[in-house]
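**Student:** A single structure is presented below for examination.
The values are calculated or read from the model by the stated rules, or taken from the named source; none is laboratory data. Not measured: the values here are computed from a predicted model. Glycine gets a Cβ as well: all are built from the backbone with ideal geometry, and neighbour counts include every protein chain shown. Heads up: the accessible areas ignore ligands, DNA and RNA and are worked out on the full protein's heavy atoms, side chains in. Shrake-Rupley method; radii C 1.70, N 1.55, O 1.52, S 1.80 Å.
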Amino acid sequence: MNASKLKTIILAFCATTMAASLMVFPKESFEASMRGLTMWWDVVFPSLLPFFIVSEFLIGFGVVSFLGSLLEPLMRPLFRVPGVGGFVWAMGLASGYPAGAKLTARLRQENKLTAIEAERLVSFTNSSNPLFIFGAIAVGFFHNPALGIVFALSHYLGNICVGLLMRFHGRTKEETNHKDNKNKLSLRAALHMLHQERLKDGRPIGKILGDAVQSSVSTLLMIGGFIILFSVLNRLLSLLDITTFLSLFVTIILAFFQIPNELSLPLLSGIFEITLGSQMASQTSAASLFQQVVITSFILAFSGFSVQAQVASILAETDIRFKPFFIARIFHGVFAACLTVLLWKPLYVNQQLSVDNNNAIPVFLQAQTYSIFEQLWNSLIRFGPMITLVTLMVYIVLTFKKFSG
């Protein structure tokens with residue numbers, strides 16, 4: 001039996017097992033599906049939609065090319081990607097998963113990146129946004145705002161390390177591509193490029209807005225499907241005790257790092273879906289806070305198969321390969337966990353001792369600093385469903401007009 005036939009049999013068996021499990025556990029599957037839908041409806045859709053629409057505007061009006069021209073001297077030497085990568089990096093950091101992948105694929109379709117450059121760029125421009133890290137993880141799960149700075153720095157510095165590492169990806173294939181590309185920073189040239197890109201696009205503002213809404217909502221609907229699917233899948237694996245069985249192998253790895261085996265199940269759940277895994281890690285009383293934070297940092301950086309499936313679906317529309325992205329996620333998880341170990345004492349332990357002894361609270365540990373993130377997170381939960389509903393109604397109207405006209 002060749003590998004292709006074996007793969008077909010395995011995929012067919014997995015699909016059949018999942019279908020049977022849905023019939024055996026209908027109530028649990030429905031509850032898991034509702035949990036995924038609620039997460040998408042309340043949080044993911046309203047938080048990502050503005051960034052997706054604004055990104056389409058910036059691309060259509062030539063602002064991305066303008067910024068790319070200015071950022072070329074920074075992004076090319078550091079990460080071996082064009083200056084437009086700086087825009088993707090900033091938007092990916094601000095909006096979270098999987099904005100970096102969507103924007104990278106979009107720029108690849110516009111031929112502003114080569115396939116190798118796109119693979120480098122997508123590897124370090126997908127990250128959790130600060131609102132999720134500070135609001136949901138530090139405050140919501142751990143009830144400890146001071147942990148936010150540890151999570152954030154280890155996460156974002158880890159991503160920078162991934163970018164520096166991935167600069168060597170495919171270097172032999174592009175050895176001579178940019179040897180003569182030594183354009184100096186020129187505001188006049190950047191402004192000229194901005195104007196030329198807008199003229200090249202040629203669409204009126206109304207058309208750009210309609211296309212931006214339709215493209216953004218279409219992508220978010222796909223993301224919602226993956227969130228619901230993996231929420232159900234994670235629950236079914238738990239009900240079938242497959243997660244428990246696989247956690248036995250994870251326990252061996254954790255024992256090597258002297259981490260209690262009680263964290264093996266949260267880690268495995270986090271490998272599938274970051275929100276559930278992070279929540280379970282924060283509730284594991286058998287582990288110390290330090291161990292919980294290290295595992296959660298790894299989960300956040302690895303991003304889970306749910307997010308990775310979303311990225312794979314977006315990249316499938318281009319010639320960007322998924323494999324380099326997956327390898328980068330493993331490196332990101334390792335880097336983030338190691339950075340958490342290094343930053344734990346200076347940024348958390350020492351600061352807590354300083355607060356207890358001197359009552360002197362650093363700026364980034366003051367309650368006001370984190371109340372902003374908490375308020376934003378609560379506002380998102382409160383108004384998110386309304387934003388989602390209104391946007392979907394607009395999307396339906398635009399789609400109807402498109403096909404009827």
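**Student:** Averaged per residue, what accessible area in Å² does region 1-156 show with a 1.4 Å probe, protein chains only?
**Tutor:** The answer is 38 Å² per residue.
**Student:** Using Cα pairs closer than 8 Å and at least 6 residues apart in sequence, work out the relative contact order for the chain, in percent.
**Tutor:** Dividing the mean separation by the residue count of the chain yields 25 percent.
**Student:** Determine the shape class of the chain: with a ≥ b ≥ c the square roots of the Cα gyration tensor eigenvalues, call it rounded for a/c under 1.5, and otherwise prolate if a/b is greater than b/c, oblate otherwise.
**Tutor:** Rounded, since a/c falls under 1.5.
**Student:** Next question, about the same structure. Decide, for region 217-339, between rounded, prolate and oblate: order the square roots of the alpha carbon gyration tensor eigenvalues as a ≥ b ≥ c, take rounded if a/c falls under 1.5, and otherwise choose prolate if a/b is larger than b/c, else oblate.
**Tutor:** prolate
**Student:** I've got another one for you. Nearest 0.05, what FRET efficiency do residue 34 and residue 203 give at R0 = 41 Å with Cβ-Cβ as r?
**Tutor:** So the FRET efficiency works out to roughly 0.55.
**Student:** Where in the chain are the DSSP H helices whose alpha-carbon span along the long axis reaches 30 Å or more and whose Kyte-Doolittle mean is at least -1.0?
**Tutor:** Qualifying helices, which must be both long enough and hydrophobic enough, are 3-24, 205-239, 323-344, 367-404.
**Student:** Additional query: Would you be so kind as to identify which of 251, 381, 121 lies farthest towards the positive end of the dipole of the chain, taking Lys and Arg as +1 and Asp and Glu as -1 on Cβ and the Cα centre as origin?
**Tutor:** Value computed over the given set: 121.
**Student:** Ignoring everything except DSSP H segments at least 4 long, calculate the 222 nm mean residue ellipticity for the chain; use -39,500 (n - 2.57) per segment, divide by total residues, nearest 500.
**Tutor:** Helices in the chain give a 222 nm mean residue ellipticity of -24500 deg cm²/dmol.
**Student:** State which entries of 5/27; 7/323; 27/323; 112/323 exceed 24 angstrom in Cα-Cα distance in the structure shown.
**Tutor:** Going by Cα-Cα distance, 5/27; 27/323 fall outside the 24 Å limit.
**Student:** Tell me the relative contact order for region 219-366 as a rounded percent, counting alpha carbon contacts under 8 Å between residues six or more apart.
**Tutor:** 19
**Student:** Here is a further query. Counting Lys and Arg as +1 and Asp and Glu as -1, what is the net charge of the other residues whose Cβ lies under 14 Å from the Cβ of residue 222?
**Tutor:** Result for the local shell: 0.
**Student:** Let me ask something additional. Between region 208-287 and region 99-168, how far is it from one alpha carbon centroid to the other, in angstrom?
**Tutor:** 18
**Student:** Still on this structure: Rank 86, 74, 192 by how far each Cα sits towards the positive end of the charge dipole of the chain (+1 on Lys, Arg Cβ; -1 on Asp, Glu Cβ) and give me just the farthest.
**Tutor:** 192
**Student:** Based on the alpha-carbon gyration tensor of region 1-101 and its eigenvalue square roots a ≥ b ≥ c, which shape applies: rounded if a/c is under 1.5, prolate if not and a/b is larger than b/c, or oblate?
**Tutor:** It comes out oblate by the Cα gyration axes.
**Student:** Starting from the Cα of residue 286, step 7 Å along the direction of its Cβ; do the same at residue 15; then give the gap between the two resulting points in nm.
**Tutor:** Here the modelled spin labels are 3.8 nm apart.
**Student:** What does the charge count around residue 44 come to, taking other residues whose C-beta lies under 14 Å from its C-beta (Lys +1, Arg +1, Asp -1, Glu -1)?
**Tutor:** It works out to a net charge of 0.
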